[in-house]
1. For the stretch 28-66, give me each residue that is over 18 Å from Gln312 (Cβ atoms) and either touching a Phe, Trp or Tyr at 6+ places or on another chain (Cβ under 8 Å) or of a type in the set (A, V, I, L, M) (or both).
2. Any idea which residue in the stretch 82-126 is modelled with the lowest pLDDT, counting only those that are farther than 30 Å from Leu56 by Cβ and among the aromatic types (Phe, Trp, Tyr)?
3. Taking Leu133 as the residue in question, decide whether it is within 29 Å of Met343 (Cβ to Cβ), modelled with pLDDT under 95, open to solvent by 70 Å² or more (accessible area, probe 1.4 Å) and of a type in the set (A, V, I, L, M, F, W, C).
4. Could you pull out the residue among Phe109, Phe82 that is in contact with a Gly (Cβ under 9 Å, 6 or more places away or on another chain) and under 30 Å from Arg141 (Cβ atoms)?
5. What are the pairs with Cβ atoms under 6 angstrom where one residue, in the stretch 61-72, is at pLDDT below 90 and the other, located anywhere, is in a helix (DSSP H, G or I)? Sequence gap at least six, or different chains.
6. I need the full set of residues from the stretch 17-60 which are in a helix (DSSP H, G or I), at pLDDT 90 or above and polar (S, T, N, Q), in order please.
7. When you look at Glu283, is it crowded, with 16+ Cβ neighbours inside 10 Å, acidic (Asp, Glu) and under 29 Å from Ala221 (Cβ atoms), yes or no?
Amino acid sequence: MEKGFVPLTLRLRTDDSVLGRLQNIAFVTSGTIATIIKYYWHGPDEKTWCLRFHILKNILHQYLSESLPHSTPNEVSAQIDFSYICDYIELNNLPSRPLSPSVGWNGEFNIVVNERMCTEYNLEKYGLSGTKLSRLSSQDRVLAQQGKPRTISCQIVLGARLTRCSKCLSNADPHTSPELLMPQPLEPNERIIIHFHGGAYCVGERSLTHLYIYANISSCAGLRVFSPNYRLAPRHCFPSHLHDCVVSYMHIVGCGFKPENIILAGDSAGGALAVELLMILKEMSLPKPAGLVLISPWVDSTCAGKSWTTNQGLDYLPGLSFEDPFHPTRMFYAAGTPFSEDMRDELK
């Protein structure tokens, strides 16, 4: 920690040493044991909830409640070393590794952001948010003109049980048919799902948990799933993640997929990104996708709903105050900026 920043107490590992790994194991183990004791002593929180579900819910709640020092006062927001926090979050991100063939296949590639993808955002009604998007697009355009284009990594996922409804996908095997994991249509009217991952805009990219979700969706829908690894907070704040999603959509269309054959999807924060992308496309009269699939979308970033308090005993999400510098909304919007009502107004 550099001088001038407030000291922080972090419960998870801050390095990749053996001691750091043991620290994380102890964190998970303590929560698991406490859950098992409570489950058999007091019974399930809900009759239909099994022990495994209780453990998963409580570990997630513990991770979100205790992995960051949420008792840090709002007044020292500007004195927090968020660069250090970014490294800490990335070190403790969800596990990432390729899918096993029994579940599906995934491939990663980079979108090279060229001038064609740098959308001219005409979003006057969005005020400051529209201005920020225009600024990001201009930055990308300048980089492309200088021959130093930015890249966005992306995933293509093919479920193991993918319905083989076309000749191209019969006996699908990415080892012999690498085009299966490339973002070009396999046939003129191929449909595809663009899924934006959740994770409070801070985690989730390349995570094995999301790859499993994509593989299962692919198998059930009989479609390939494309997912961009958009920039994450607090290293990149609002609206960097939304701009990356717009660029990714334009890239898929530019690859030859027809908008009427594209389905947008997203979970949690990714669900909000899917909604925001659709609103931008509508506002700018750009080609819109065929449909929208939302999985528990986080569409109210002001967290004003009553369920944040009424469901607190059952929810894996902790009820955090906006006075907390590590509130997910504050980290993705403007990390290190003291909370203000102007901030809440723009988020609405």
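The values are calculated or read from the model by the stated rules, or taken from the named source; none is laboratory data. The structure presented is a predicted model; accordingly, all values stated were derived computationally and were not measured. In this analysis, Cβ positions are derived from the backbone assuming ideal geometry, glycine residues included, and neighbour counts consider all displayed protein chains. Note: areas computed on protein heavy atoms with side chains; ligands, DNA, RNA excluded. Shrake-Rupley method; radii C 1.70, N 1.55, O 1.52, S 1.80 Å.
1. Hits for the stretch 28-66 are Val28, Ile33, Ile36, Ile37, Leu51, Ile55.
2. Out of the qualifying residues, it is Tyr126.
3. Working: within 29 Å of Met343 (Cβ to Cβ): yes; modelled with pLDDT under 95: yes; open to solvent by 70 Å² or more (accessible area, probe 1.4 Å): no; of a type in the set (A, V, I, L, M, F, W, C): yes.
For Leu133, the condition - within 29 Å of Met343 (Cβ to Cβ), modelled with pLDDT under 95, open to solvent by 70 Å² or more (accessible area, probe 1.4 Å) and of a type in the set (A, V, I, L, M, F, W, C) - is not met.
4. Result of the check over Phe109, Phe82: Phe82.
5. Gln62/Gly31
6. Across the stretch 17-60, the qualifying residues are Thr29, Ser30, Thr32, Thr35, Asn58.
7. no
So that you can scan it fast, the table gives a plain yes or no per residue for (1) under 27 Å from Glu323 (Cα atoms); (2) under 21 Å from the mean Cα position of the chain (by Cα):
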site: Thr32; (1), (2): no, no
site: Ile36; (1), (2): no, no
site: Gly43; (1), (2): no, no
site: Glu46; (1), (2): no, no
site: Ile55; (1), (2): no, no
site: Ile59; (1), (2): yes, yes
site: Ser65; (1), (2): yes, yes
site: Ser71; (1), (2): yes, no
